[in-house]
Amino acid sequence: MVSVATLGSHCALQLLKGAKDEGLETLLICEKKRHDLYKRFKFIDEILLVDSFQEVIERRCEDFLQSKNSILIPHGTLIAQMSSEQIESIKTPIFGNKNILRWESDRRLKEQLMKEANLETPKSIQNPKEINSLVIAKRHGAAGGKGYFIASSENEYNKKRDQLIKEGMIDGDDDLYIQEYTTGVLAYLQFFYSPLKKELEFFGIDKRHESNIEGLARIPAENQLNMEKFTSFNVIANSPLVLRESLLDDVYKMGENFVKASAKLVPPGMNGPFCIEGVYDENAHFSAFEFSARIVAGTNIFMNGSPYTTLIFDEPMSMGRRIAREIKHADTENQLKSVTT
Ligand code: AMP
């Protein structure tokens, strides 16, 4: 029997609760500083303490995971804290396609995959000199929106970039990706693709609460003008959304196109959970500024299922539980290789 393991952060509680609900053994790789939190939860069977998540690629961790016949579920923390090379070198089987995580971390590869999937995207700007409208400058990788800023001229961009360099967050222009700023309703569309059933399931939608951009919007313009502080998009929380039903057909099509494009560019494709993130404009047109090629923390809202999972399953189904169910099916049918890399 396989067990399910993950790093103690991001959506670990959802993942391991879901695995336990499916009757699987659950393991957590946990930094010592977070042990007090995670030891509270009885559905975690075993906790391996580490000083830093970097130890996942070390012998002690790999031996532990292999002795437990574990499958490691990747999430945002793994991507934020490890390089693509380190992730690809992990010997423990990883749920989904670990090679696509590089495409998530690298903005240029990301753009290529989104184009292949026919997703409409905001224009990217190659050189700060070309800034002539509102843009957002974003850091590479899963930075969680921290240190992202808005600018409407090269001058403003340079000033804010220099501030980030001073704060030690970036080294220079190469660490930033500039994209047209899109206004409208932001939506983070969560999917699961089953390589066993060869079927796409739409799981739910969330909205992110980001600091301090959300707080700034509550301040009158005249006060904003006097503020020294500039914007950041650090995700603090998520809340649920439902879409107008007439938009759902397009949502499925976007998801299916993304699955097809991934199978072509990054075999074995987009297996498991993923998220397409973007903005609906005033004509209900969706522009995708980002994707995550693994579970997103916004699925934590739906630990008991979402309005959309209710339409597919006759029982509460979280993304964590769905992953565990896929693993269980694969294990019974001797197909674990189809759901892991
Ligand atoms: P990302 O890392 O691309 O998910 O971006 C983090 C946050 O920045 C998003 O959740 C949005 O709030 C904001 N954002 C990113 N790209 C854009 C864009 N092109 N237009 C408007 N807001 C954006």
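The values are calculated or read from the model by the stated rules, or taken from the named source; none is laboratory data. Because the structure is a prediction, the values reported are computed rather than measured. Glycine gets a Cβ as well: all are built from the backbone with ideal geometry, and neighbour counts include every protein chain shown. Calculation scope for accessible area: heavy atoms of the full protein, side chains included, ligands and nucleic acids excluded. Shrake-Rupley method; radii C 1.70, N 1.55, O 1.52, S 1.80 Å.
Structure data summary
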quantity	calculated
Within the range 137-150, considering residues that are in a loop (DSSP other than H, G, I, E, B) and of a type in the set (A, V, I, L, M, F, W, C), the one farthest from residue 111 (Cα to Cα)	143
Selection from the range 141-182 of residues that are basic (Lys, Arg) and near the ligand (Cβ under 10 Å from one of its atoms)	146
Pair list, Cβ < 6 Å and 6+ apart or interchain, from the range 279-290 residues that are touching a residue at least 40 places away in the same chain (Cβ under 8 Å) to residues that are part of a loop (DSSP other than H, G, I, E, B) and crowded, with 17+ Cβ neighbours inside 10 Å	279/182; 287/122; 287/182; 288/119; 288/121; 289/122
Residue in the range 78-85 that is of a type outside the set (Phe, Trp, Tyr), surrounded by fewer than 19 Cβ atoms within 10 Å (Cβ to Cβ) and more than 18 Å from the chain's Cα centre (by Cα) present	yes
Complete set of residues in the range 122-140 that are more than 13 Å from residue 181 (Cβ to Cβ), buried (at least 18 other Cβ atoms within 10 Å of the Cβ) and within 13 Å of the ligand (Cβ to nearest atom)	139
Contacts under 8 angstrom Cβ, first residue in the range 195-214 being over 15 Å from residue 256 (Cα atoms), partner open to solvent by less than 20 Å² (accessible area, probe 1.4 Å) and among the acidic types (Asp, Glu), 6 or more apart	196/326
All positions within the range 19-71 that are surrounded by fewer than 17 Cβ atoms within 10 Å (Cβ to Cβ) and of a type in the set (Ser, Thr, Tyr)	52, 67
Residues that are open to solvent by less than 60 Å² (accessible area, probe 1.4 Å), touching a residue at least 60 places away in the same chain (Cβ under 8 Å) and outside any helix (DSSP H, G or I), drawn from the range 151-183	177, 179, 182
Filter result for residue 197 (modelled with pLDDT of 95 or more, open to solvent by 50 Å² or more (accessible area, probe 1.4 Å) and away from the ligand (no atom under 16 Å from the Cβ))	yes
Wholly enclosed strands (runs of 3 or more DSSP E) of the range 223-324 bearing at least 2 residues at negative phi and surrounded by fewer than 17 Cβ atoms within 10 Å (Cβ to Cβ)	233-241
Residue under evaluation residue 139, criteria (1) closer than 20 Å to residue 100 by Cα; (2) more than 20 Å from the chain's Cα centre (by Cα); (3) without any contact (Cβ under 8 Å) to a residue 60 or more places away in the chain, criterion not met	(2)
First in the range 312-334 and touching a residue at least 40 places away in the same chain (Cβ under 8 Å) and under 12 Å from residue 20 (Cα atoms), second anywhere and open to solvent by 40 Å² or more (accessible area, probe 1.4 Å) and assigned to a helix (DSSP H, G or I), Cβ under 6 Å, 6 or more apart	321/21
